1. Looking for whichever is in contact with a His (Cβ under 6 Å, 6 or more places away or on another chain) and in a helix (DSSP H, G or I) here; the options are Arg87, Arg129. Which one fits?
2. Could you list, in sequence order, all residues of region 8-28 that are part of a helix (DSSP H, G or I), open to solvent by 30 Å² or more (accessible area, probe 1.4 Å) and not aliphatic (A, V, I, L, M)?
3. Could you count how many residues in region 169-189 are closer than 16 Å to Phe123 by Cα and either touching a helix residue (DSSP H, G or I) at 6+ places or on another chain (Cβ under 6 Å) or surrounded by 13 or more Cβ atoms within 10 Å (Cβ to Cβ) (or both)?
4. In this structure, is Arg129 closer than 27 Å to Glu199 by Cβ, at pLDDT 95 or above, among the basic types (Lys, Arg) and touching a helix residue (DSSP H, G or I) at 6+ places or on another chain (Cβ under 8 Å)?
5. Is there a residue in region 55-77 that is polar (S, T, N, Q), closer than 19 Å to Pro106 by Cβ, open to solvent by 40 Å² or more (accessible area, probe 1.4 Å) and out of contact with any helix residue (DSSP H, G or I) (no Cβ under 6 Å at 6 or more places or on another chain)?
6. Starting from region 187-211, keep only residues that are touching a residue at least 40 places away in the same chain (Cβ under 8 Å), then list their pairs with residues that are assigned to a loop (DSSP other than H, G, I, E, B) whose Cβ atoms are within a distance under 8 Å, requiring at least 6 positions of separation or different chains.
7. Scanning region 146-196 for residues that are assigned to a loop (DSSP other than H, G, I, E, B) and closer than 19 Å to Arg132 by Cα, which turns out nearest to the chain's Cα centre (by Cα)?
Amino acid sequence: MTEQSHDLFTGKGAGKMDAIAKGPFASIYPVIARQILDACGVAEGRCIDIGCGPGHLAMALCAASDLTIDALDSSIDMLSIAEQNIREAGFTDRVRTVCGDVHDLPYGDDSVDLIVSRGSLFFWDDRERAFREFYRVLRPGGRTFVGGGFGTAALKAEIAEKMREIDPEWEAKAAGRLARKNTDAVRRDLERAGIPVCEILQDEAGFWIVMRK
């Protein structure tokens, strides 16, 4: 993780991310949670939300399923905010925060039913290593839904309009992360990681990596 990206997820940066998640981005989390459940067919068992940030996707998944969810992040500041959000939402019985590194997940082999992540893969130091970790900890029959998306093209457009006022450069940065060259690089990383069964779901709203074990 670069020094610049580190600043996004610590201190005031963590608070700003939570404010954006509760503001312009608030409407996408229930939509993405539904997309995860529909695409993966996993609605119970153990789930990890990688790079959970302030915890909003984890909470949306909890509300829409019977999953027990670990909201995992490497930033203590993010996890502190996530803990408060989870507590206020009344989800502490099924969502807990975990401090961990995507490149060295604190889970045993074949121990997780579902791995999700929205937006964090753009900040990983070694995607190939992270993908191997995902496959290691997935149970047989497990799935991933990992990538970057905004739910629907309409929601993406709404967010872009709101984010222009907050960060004039946001739209260009988002477009760069979802560009074809980036998804092509992700495909190469998946191949190098030796993931045997996976596909990339892509539309106007973003892309998602679905691994199957």
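The values are calculated or read from the model by the stated rules, or taken from the named source; none is laboratory data. Nothing here was measured: the structure is a model prediction, and the numbers come from that model. Because the Cβ atoms are built from the backbone with ideal geometry, glycine has one as well, and the counts that use them run over all protein chains shown. We work out accessible area using only protein heavy atoms, side chains counted, and drop any ligands, DNA or RNA first. Shrake-Rupley method; radii C 1.70, N 1.55, O 1.52, S 1.80 Å.
1. Working: Arg87 fails: in contact with a His (Cβ under 6 Å, 6 or more places away or on another chain).
Within the list Arg87, Arg129, the selection yields Arg129.
2. Residues of region 8-28 that are part of a helix (DSSP H, G or I), as a first pass: 8, 11-22, 28.
Next, only the ones that are open to solvent by 30 Å² or more (accessible area, probe 1.4 Å) stay: 8, 11-12, 15-17, 19-20, 22.
Scanning region 8-28 gives Gly11, Lys12, Gly15, Lys16, Lys22.
3. Count: 8.
4. Answer is yes for this residue.
5. Scanning region 55-77 turns up at least one residue that is polar (S, T, N, Q), closer than 19 Å to Pro106 by Cβ, open to solvent by 40 Å² or more (accessible area, probe 1.4 Å) and out of contact with any helix residue (DSSP H, G or I) (no Cβ under 6 Å at 6 or more places or on another chain).
6. That search, which allows pairs on different chains as well, returns Ala205/Phe150; Ala205/Gly151; Ala205/Thr152; Gly206/Phe150; Gly206/Leu178; Phe207/Leu178; Met211/Ile195; Met211/Val197.
7. From region 146-196, those assigned to a loop (DSSP other than H, G, I, E, B) are 150-152, 167-169, 178-179, 194-196; that's our starting set.
With the extra rule that they be closer than 19 Å to Arg132 by Cα, the set shrinks to 194-196.
Details: Gly194: 22, Ile195: 19, Pro196: 22 Å.
The qualifying residue nearest to the chain's Cα centre (by Cα) is Ile195.
Per-residue answers, yes or no, for (1) aromatic (Phe, Trp, Tyr); (2) over 22 Å from Ile200 (Cα atoms); (3) in a helix (DSSP H, G or I); (4) modelled with pLDDT under 95:
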| site | (1), (2), (3), (4) |
| --- | --- |
| Asp38 | no, no, yes, no |
| Thr68 | no, yes, no, no |
| Arg96 | no, yes, no, no |
| Leu114 | no, no, no, no |
